[in-house]
Amino acid sequence: MELVEAIRSRRSVGRVRQEPVAKELIERILESAVHAPNHKITEPWRFHVFTGKGRGELARARAETARLQAEAEGEDEELAAGRISRERKKAFRAPVVIAVISEAGRDEVESLENYAACAAAVQNMQLTAHALGLGVIWRTGPVAYHEHMRGFFGLETGDRIVAYLYIGYPDMGERPRRRKPVEEKTTWHEG
Ligand SMILES: Cc1cc2nc3c(=O)[nH]c(=O)nc-3n(C[C@H](O)[C@H](O)[C@H](O)COP(=O)(O)O)c2cc1C
């Protein structure tokens, strides 16, 4: 697929089939990530790939996160049970889930730029998945920011969970893209 066309036609695909994705395709998606620009060649990205029964590990961590949240909010038992169950199931929404982690830099600016590099890596991955005929959505939410999930991935201060990418064969139609015209976002400084 031509690059500009891939950028134009990519859409977040929130509903995918459970049909497994060949490991070779997952590897191509991962490989595309490390070509992203990164300041001082810090290569700050780390990936955790969950497939098949391996998604159970993620499901358990998510369920425990939901339990801790419910406890912190003093939620009653029945509501909490529903919340935990819903959160557990989210790990199985796609046959492949990739968590993208950004490692801390040596100072605040480097950490910021590492995060930016990882965002670029995520977009490479999304475009590669799209070019391979796969659907993908970048998700965050509490599972990206809760202390329990940070512990699950063994993160240290300044490390960040940048994205969970849910990948699989699309099970939904295309949506139109809603964006304001770039002219509204641009100031030209010309001679
Ligand atoms: C940092 C970041 C976090 C996101 N988190 C979520 C999320 O938690 N849930 C979700 O449905 N979409 C999430 N998205 C995807 C956006 O909803 C999506 O990109 C947006 O709706 C535009 O749609 P498009 O990607 O098809 O252009 C996230 C995107 C980014 C960049």
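What to note about this one:
- Unmet criterion (only one of (1) closer than 23 Å to I137 by Cβ; (2) in a loop (DSSP other than H, G, I, E, B); (3) free of Cβ contacts under 8 Å to residues at least 12 places away in the same chain) for E75: (1)
- Number of positions in the range 112-126 that are in contact with a strand residue (DSSP E or B) (Cβ under 9 Å, 6 or more places away or on another chain), more than 10 Å from the ligand (Cβ to nearest atom) and either closer than 28 Å to D171 by Cβ or not in a helix (DSSP H, G or I) (or both): 3
- Conditions (1) farther than 13 Å from G14 by Cα; (2) within 15 Å of the chain's Cα centre (by Cα); number of the one not met by E156: (2)
- Condition broken by A117, with the remaining ones in (1) surrounded by 18 or more Cβ atoms within 10 Å (Cβ to Cβ); (2) without any contact (Cβ under 8 Å) to a residue 40 or more places away in the chain satisfied: (2)
- Matching option when the condition is among the hydrophobic types (A, V, I, L, M, F, W, C) and surrounded by fewer than 16 Cβ atoms within 10 Å (Cβ to Cβ), among V182, V100: V182
- Residue that is touching a strand residue (DSSP E or B) at 6+ places or on another chain (Cβ under 8 Å) and not acidic (D, E), where the choices are R88, R93, R83, R106: R93
- The number of residues in the range 151-185 that are among the acidic types (D, E) and outside any helix (DSSP H, G or I) comes to 4.
- Complete set of residues in the range 1-15 that are within 15 Å of the ligand (Cβ to nearest atom) and aliphatic (A, V, I, L, M): A6, I7, V13
- Tally, over the range 129-167, of residues that are within 15 Å of the ligand (Cβ to nearest atom) and within 18 Å of H48 (Cβ to Cβ): 21
Rule-based calculations on the coordinates, nothing more; no lab input. Here the structure is a predicted model, which means the values were calculated and not measured. Quick reminder, even Gly has a Cβ in these numbers, built from the backbone with ideal geometry, and neighbours come from all protein chains shown.
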